[in-house]
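The values are calculated or read from the model by the stated rules, or taken from the named source; none is laboratory data. What you are looking at is a predicted structure, and each value in this text was computed from that prediction instead of being measured. Here Cβ is always computed from backbone atoms with ideal geometry, including for glycine, and neighbour counts include all displayed protein chains. The area values use the complete protein model at the heavy-atom level, side chains included, leaving out ligands, DNA and RNA. Shrake-Rupley method; radii C 1.70, N 1.55, O 1.52, S 1.80 Å.
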Amino acid sequence: MKKKTILSLLLMIGGLLPIAADNITVNGTSRSYNVIVPKNLGENRPLLIFCHGYNQDAGWMQNSEFKNEKVSMEAVCDTAKFVCVFPNGIDKSWDTSGDRDINFIKAIIEKMVTQHNIDRNRVYLGGFSMGGMLTYHAMNRIPDLIAAFCPVSGYPMGGATAGSNVRPIPILHIHGTSDDVCAFSGAQPALNVWIKHNGCPTTAKVKSNYNGFNGAKMHTWGPGNDGVEVKLLELPNKGHWICKETQVYTGKEIWNFCKNYSLNKTSPNVSITSLKTGAKYVSFAPAGQTAFPDFTITATADDSNGTIEKVEFYDGTTLLATCTAKPYQATLTGAKTGTHTLKAVATDNDGEKSMVSVEVTLQVLTSLSLSSAFNEGGALPAGWTTYDSSERRTGYSNGYSQGCRVLQFTGSSRGFNYGLYFRNIGGSAHQGWAKYGLSDGGTTLSLAPGHYTLKYKICNWNMANFGSVELNVEKRANGESIVKQTYLPTINIGNAPSYSFGNPEQQSLEFDVTEQGDYVIAIYSAASEWSDCIVGQLSLTADSFSSTGIKTIEAPQFESDVVYDLQGRKVSVIRKGIYIRNGKKILIK
């Protein structure tokens, strides 16, 4: 008793209330937790909730892991003036898939608001091991109650998910490279889900020997949408534990990250509407050309309690444009091929700023295998969009066992190894298709003026009667077709990937592009119910380019002769007469 009294006095003198155990009833069950409350806390202060690992409890978590003679969570709380709660799981475990412990966390928040007047906008959640798994679970369940999340040595064993209606989530994940319980290799895949969801650049900024800790690395992705960052603190040769090194102390790292975030949206909102992270832009241009064609970046910005003063656009650190009025747009001109981080920064009338960034890849090619991404059964590749008159799917997405998707063929004799299957359920014209280059597919196909060849192999999947397939090259802006061709398949694969089917003939569609622009390769199945199609070995090649464009020559009327295009290629045998090229009459004698 005497030792306990002295400890309590020391804590009081040092500015902290004694560590207290408390209970709360949640869904009819009494739940317990430990709480640390600094003396002279004040009002509207933050709350950190940190959850223990499997087969542990609040006392073990708090005393064994967050306290030593050099620095402790108690000291961090006292300096920063925030409340820290260590909950106890039922049977020293957590519900990482349901609502039992999510409701417990929500109840703790409400009680801390009542007892200590904490700031609802600055509630933070973290956990160790299984507590880290619960932290990831909470990202989807209560993102509007938690301002930032800090999992340590734990992640969802079944793979992380990010709900489409979940706001951008700030995350600090801490993990040892020698963890033999939750392997370090699993941390990155879990974070990748949130990096993409948050609109963060996919390439991290890495700070080696972090804080002087030899071999430690802080990986930072961002800022992304709403200015959030995703961070991974990699600890060399550390196992399944919480780091308490002098240079890297987990309690301090968590607070230093969390204190930057609040749910209170006083800053302006900004988003880039014309692009999305991970998008690819493919341009066909003459060999040696490294500059990508101009394209426009569009953003929206608003401020709930003020006005937008300006929106600035950047390509990396290079300022592209400053807009002081709508529309907020900038043009990326003469960009080099490769990966670009494009940013929009909005500033309101109070000087508050918000930034959003997207990472895009620019490629300049003379040929492209459109089917090279047909390499995963049950997936829809990036760049592709399908519609079967009922469901629209966009790539990249996977996990499909029915409907439009890539099929892997295993028959001993087969025309190709993978093919993209799509269908027309309803039977109306152009209501079953696969298209490459639509904006929601994640790839933009830009074609320069010139002559092109589209090659393809097409089969039917399970049609009683073969139906004609239509291939189109369309302008993306309005869907206008610049060329189309119909093809009647001669091979039926037989509704089974193991079926041995022959090698369909390689078909070709040659066409001219007369103006620089974004185009879509569209393939339509027949206009009959449940018509289907499988396409494979699909490629696009630029045969030649024209700086002035190629215009159609009017129909001939007289004797036969040979006509050459602007590059001196023989393109057709026509009759003598007067023709129109680029708006001018040309006499062929």
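Is it the case that segment 182-204 has a residue that's touching a helix residue (DSSP H, G or I) at 6+ places or on another chain (Cβ under 8 Å) and more than 23 Å from residue 353 (Cα to Cα)?
Scanning segment 182-204 turns up at least one residue that is touching a helix residue (DSSP H, G or I) at 6+ places or on another chain (Cβ under 8 Å) and more than 23 Å from residue 353 (Cα to Cα).
Is it the case that some residue within segment 140-158 is out of contact with any Cys (no Cβ under 7 Å at 6 or more places or on another chain), among the hydrophobic types (A, V, I, L, M, F, W, C), part of a helix (DSSP H, G or I) and open to solvent by 10 Å² or more (accessible area, probe 1.4 Å)?
Checked segment 140-158: no residue is out of contact with any Cys (no Cβ under 7 Å at 6 or more places or on another chain), among the hydrophobic types (A, V, I, L, M, F, W, C), part of a helix (DSSP H, G or I) and open to solvent by 10 Å² or more (accessible area, probe 1.4 Å).
Which of the residues belonging to segment 160-215 are outside any loop (DSSP other than H, G, I, E, B), touching a Phe, Trp or Tyr at 6+ places or on another chain (Cβ under 6 Å) and either open to solvent by 30 Å² or more (accessible area, probe 1.4 Å) or free of Cβ contacts under 8 Å to residues at least 40 places away in the same chain (or both)?
Selection gives 186, 195.
Table: residues versus (1) open to solvent by less than 60 Å² (accessible area, probe 1.4 Å); (2) closer than 18 Å to residue 457 by Cβ; (3) of a type in the set (A, V, I, L, M, F, W, C); (4) touching a residue at least 40 places away in the same chain (Cβ under 8 Å).
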position: 487; (1), (2), (3), (4): yes, yes, no, no
position: 490; (1), (2), (3), (4): no, yes, no, no
position: 494; (1), (2), (3), (4): yes, yes, no, no
position: 503; (1), (2), (3), (4): no, yes, no, yes
position: 510; (1), (2), (3), (4): no, yes, no, yes
position: 528; (1), (2), (3), (4): yes, no, no, yes
position: 539; (1), (2), (3), (4): yes, yes, no, yes
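Does residue 324 satisfy the condition of being more than 21 Å from the chain's Cα centre (by Cα), open to solvent by 30 Å² or more (accessible area, probe 1.4 Å), more than 30 Å from residue 522 (Cβ to Cβ) and modelled with pLDDT of 90 or more? Reasoning before the result, please.
Working: more than 21 Å from the chain's Cα centre (by Cα): yes; open to solvent by 30 Å² or more (accessible area, probe 1.4 Å): yes; more than 30 Å from residue 522 (Cβ to Cβ): yes; modelled with pLDDT of 90 or more: yes.
So residue 324 fits the description; yes.
I need the full set of residues from segment 492-534 which are part of a loop (DSSP other than H, G, I, E, B) and more than 30 Å from residue 445 (Cα to Cα), in order please. Walk me through it before giving the result.
First pass over segment 492-534, keeping only residues part of a loop (DSSP other than H, G, I, E, B): 493-506, 514-516, 525-530.
493, 494, 495, 496, 497, 498, 499, 500, 501, 502, 529, listed by residue number.
Quick one: which strands (runs of 3 or more DSSP E) lie wholly within segment 423-476 and hold at least 2 residues that are surrounded by fewer than 20 Cβ atoms within 10 Å (Cβ to Cβ) and more than 28 Å from the chain's Cα centre (by Cα)?
Numbers: elements: 433-436, 443-447, 450-459, 469-475.
Hits in segment 423-476: 450-459.
For segment 396-409, enumerate the residues that are out of contact with any Ser or Thr (no Cβ under 6 Å at 6 or more places or on another chain), open to solvent by less than 10 Å² (accessible area, probe 1.4 Å) and not in a strand (DSSP E or B).
403, 409
Residue pairs, Cβ under 7 Å, 6 or more apart or interchain, first in segment 290-315 and among the aliphatic types (A, V, I, L, M), second part of a loop (DSSP other than H, G, I, E, B). List them.
So the pair list comes out as 291/334; 291/335; 297/274; 297/275; 299/273; 301/268; 308/268.
Which residues, counting only those in segment 295-315, are under 16 Å from residue 332 (Cβ atoms) and modelled with pLDDT under 85?
We begin by selecting, within segment 295-315, every residue under 16 Å from residue 332 (Cβ atoms); these are 295-299, 311-315.
Residue satisfying the conditions is 295 alone.
Can you pull out every residue in segment 130-139 that is open to solvent by less than 10 Å² (accessible area, probe 1.4 Å) and in contact (Cβ under 8 Å) with a residue 40 or more places away in the chain? Break it down into steps so the answer makes sense when it comes.
Our first condition is that a residue be open to solvent by less than 10 Å² (accessible area, probe 1.4 Å); within segment 130-139, this holds for 131-132, 134-136, 138-139.
The answer is 131, 132, 134, 135, 136, 139.
Touching a helix residue (DSSP H, G or I) at 6+ places or on another chain (Cβ under 7 Å), surrounded by fewer than 20 Cβ atoms within 10 Å (Cβ to Cβ) and at pLDDT below 90 - does that describe any residue in segment 235-242? Quick ask: steps written out before the conclusion?
Taking segment 235-242 as the starting set, the residues that turn out to be touching a helix residue (DSSP H, G or I) at 6+ places or on another chain (Cβ under 7 Å) are 242.
Subsequent filtering for residues that are surrounded by fewer than 20 Cβ atoms within 10 Å (Cβ to Cβ) retains none.
Scanning segment 235-242 turns up no residue that is touching a helix residue (DSSP H, G or I) at 6+ places or on another chain (Cβ under 7 Å), surrounded by fewer than 20 Cβ atoms within 10 Å (Cβ to Cβ) and at pLDDT below 90.
Scan segment 107-128 and tell me whether some residue there is at pLDDT 95 or above, touching a helix residue (DSSP H, G or I) at 6+ places or on another chain (Cβ under 8 Å) and farther than 22 Å from residue 33 by Cα.
No, segment 107-128 contains no residue that is at pLDDT 95 or above, touching a helix residue (DSSP H, G or I) at 6+ places or on another chain (Cβ under 8 Å) and farther than 22 Å from residue 33 by Cα.
Which of the residues spanning segment 362-379 are more than 11 Å from residue 282 (Cβ to Cβ), open to solvent by less than 30 Å² (accessible area, probe 1.4 Å), touching a Leu at 6+ places or on another chain (Cβ under 8 Å) and not polar (S, T, N, Q)?
374, the sole residue that qualifies.
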